[in-house]
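In what follows, a structure is listed as structure tokens, so that the remarks can point back to it.
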Amino acid sequence: MKSQAIIIGGSAGAFNTILSILGQLDKRINIPIVIVLHRLKNTTSSFETILQRNTHYTVKEIEDKEQMRNGMLYTAPADYHVLLEEDYTFSLDVSELVNFSRPSIDVTFESFSAVLKEKCCGILLSGSNHDGAKGLKIMAENKGNTIIQDCNEAEFANMPNAAKTLYDQHKELNTTNIINILNNECY
Amino acid sequence: MITLKELDELLFTIKKQFDYDFSDYSKASMLRRIHRFMDIHAMKNAVDLKFELINNPAVFQNFINEIVVNVSEFFRDPSFFKSLQQKVFPYLESYPKINIWSAGCSFGEETYSLNILLKENNLYAKTRIYATDISSNAIERSRKGIYDNTNFKEYTKNYYECGGKESLNDYFVSDPRHSMIHSEFKQNILFSNHNLVADGVFKECQLILCRNVLIYFNSNLQNKALELFYQSLPIHGFLAIGKKESLRFSSVYENFKEIDREEKIYQKIK
């Protein structure tokens, strides 16, 4: 089933992998990509600027009730959880931290999965806690396409490892193969 | 856990049986709150949840308190409070009396933060703050003004970042676990129940603070609330919304000008 969105979650050690993936994605992939990366609050970061320099997509930090559009690369703002509504608008949420994180990857995976069911692709990259594992499992149970970064390759393997421990049917792939599978399946 | 379809049915039942209308709230956020509630209370599916809500009034009350998000902090987004002092306070100073509406005040952190800064800028004496929330539990907690000490280190950091001039601790009476805001900061605040969905204008206010409240509504209800704020403001009155919220999708967008684009502070111009 063709995905309607790609959601990439990551924490410590994920940034360079994200840049590699984005740099080598087939230009025909036109579905929205949402990046949930753990980041510090109350700091101005150059995250979006660096992303924009490395991708042909238009990079945009998510605003509440904004329509999710094709050809866009969205980032979760610091200090907010990101959710998806049935009409494909984003909602933000400042409720409790989940896994010590806001944005939490679990929250976004679960919310996108509730709306898109089998039509979404979740990717969990390097990180040193276990955020994302529960959400990715829910996504897999809803028949979404779920991928974790190869634990041997990830700079911090805790995160993909936690996902694998919770549910052993995710595709475990290194960066090159993540890029290949996206290029083969997502347009 | 429940599906989006079950959520619709549940909200319909709640509206019919209890007269609480959440139908224009953000579905995605509701679903998340309800899942959290079910997790905490070890409920497995929609049938369990419905049964408890209908048959156990205490559970229902708890449900209402839990699904409304009441997470806040003192001086959240220091850059916002800094800008408010620099760009809005000088205007407010010109009024003989100032009314401020703190809409969706949760447990009071935002309202007391504002009040502390009013005090430090010598505006406290002529200001009256109307702090409202849909949740009576939140209003009660706000009135008490007692907070867990755990996060005070961060609050202090925020406070200094937004230009605080004193020691934050001096504004509280503390024991080893809790801190209570000094009673002085309660005297000019009127806490009351107000439902942005159902209730109307109650007072003209020169500044309305409603940050990270509208995100829990759908666009339709956001628009209604923003129209209400518009009607409650005099010309040149100020509206502050959350940093990632937007007026752009609302019918009153043209009636405001941006005072601070980053911090989402607006002024009514027509």
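The values are calculated or read from the model by the stated rules, or taken from the named source; none is laboratory data. Everything numeric in this text was worked out from a predicted model, so none of it was measured. Note: ideal-geometry Cβ built from the backbone for every residue, glycine included; neighbour counts use all protein chains shown.
Would you check which residues across the stretch A:53-67 are within 12 Å of chain B (Cβ to nearest Cβ) and either acidic (Asp, Glu) or under 16 Å from the mean Cα position of the chain (by Cα) (or both) and list them? Give the derivation first.
The first filter runs over the stretch A:53-67 and keeps only residues within 12 Å of chain B (Cβ to nearest Cβ), leaving A:60-67.
Once the filter is applied, which keeps residues that are within 12 Å of chain B (Cβ to nearest Cβ) and either acidic (Asp, Glu) or under 16 Å from the mean Cα position of the chain (by Cα) (or both), the stretch A:53-67 yields A:60, A:61, A:62, A:63, A:64, A:66.
Which of the residues that make up the stretch A:12-53 are surrounded by 14 or more Cβ atoms within 10 Å (Cβ to Cβ), in contact with a helix residue (DSSP H, G or I) (Cβ under 7 Å, 6 or more places away or on another chain) and part of a loop (DSSP other than H, G, I, E, B)?
Scanning the stretch A:12-53 gives A:24, A:25, A:29, A:39, A:42.
Condition first: within 13 Å of chain B (Cβ to nearest Cβ), in a loop (DSSP other than H, G, I, E, B) and either under 24 Å from residue B:263 (Cβ atoms) or in contact with a Phe, Trp or Tyr (Cβ under 8 Å, 6 or more places away or on another chain) (or both). Now tell me which residues in the stretch A:68-95 satisfy that. Break it down into steps so the answer makes sense when it comes.
Of all residues in the stretch A:68-95, those within 13 Å of chain B (Cβ to nearest Cβ) come to A:68, A:74-95.
Subset that is in a loop (DSSP other than H, G, I, E, B): A:68, A:76-80, A:85-88, A:94-95.
Selection gives A:68, A:76, A:77, A:78, A:79, A:80, A:94, A:95.
Which residue, of B:265, B:235, is away from every other protein chain (no Cβ under 14 Å) and farther than 27 Å from residue B:151 by Cα? Working first, answer last.
Values: B:265 fails: farther than 27 Å from residue B:151 by Cα.
None of the others qualify; the one that does is B:235.
Out of the stretch B:140-186, which residues are assigned to a helix (DSSP H, G or I), of a type in the set (Val, Ile, Thr) and modelled with pLDDT of 95 or more? Steps first, please.
Step one: filter the stretch B:140-186 for residues assigned to a helix (DSSP H, G or I), giving B:140-144, B:149-161, B:168-171, B:183-185.
After this cut, where a residue has to be of a type in the set (Val, Ile, Thr) as well, the list is B:150, B:156.
Within the stretch B:140-186, B:156 is the sole residue that qualifies.
Out of (1) away from every other protein chain (no Cβ under 14 Å); (2) in a helix (DSSP H, G or I); (3) buried (at least 18 other Cβ atoms within 10 Å of the Cβ), the odd one out for residue B:226 is which?
Against the list (1) away from every other protein chain (no Cβ under 14 Å); (2) in a helix (DSSP H, G or I); (3) buried (at least 18 other Cβ atoms within 10 Å of the Cβ), residue B:226 comes up short only on (1).
List, please: which pairs have Cβ atoms under 6 Å, are six or more places apart or on different chains, and start with a residue in the stretch B:1-23 that is in the same structural domain as residue B:34 (by TED's automatic domain parsing) and end with one that is assigned to a loop (DSSP other than H, G, I, E, B) and surrounded by fewer than 16 Cβ atoms within 10 Å (Cβ to Cβ)?
From the stretch B:1-23, the pairs are B:15/B:21.
How about the stretch B:12-37: which of its residues are hydrophobic (A, V, I, L, M, F, W, C), surrounded by 14 or more Cβ atoms within 10 Å (Cβ to Cβ) and more than 13 Å from chain A (Cβ to nearest Cβ)? Walk me through how you get there before you give the answer.
Just the residues of the stretch B:12-37 that are hydrophobic (A, V, I, L, M, F, W, C), to begin with: B:12, B:14, B:18, B:22, B:28, B:30-31, B:34, B:37.
Pick out the ones that are also surrounded by 14 or more Cβ atoms within 10 Å (Cβ to Cβ) and you get B:14, B:18, B:22, B:28, B:30-31, B:34, B:37.
Result: B:14, B:18, B:22.
Residue by residue through the stretch B:117-157, note down the ones that are surrounded by fewer than 22 Cβ atoms within 10 Å (Cβ to Cβ) and over 20 Å from residue B:183 (Cβ atoms).
Result: B:121, B:134, B:136, B:137, B:150, B:151, B:153, B:154, B:156, B:157.
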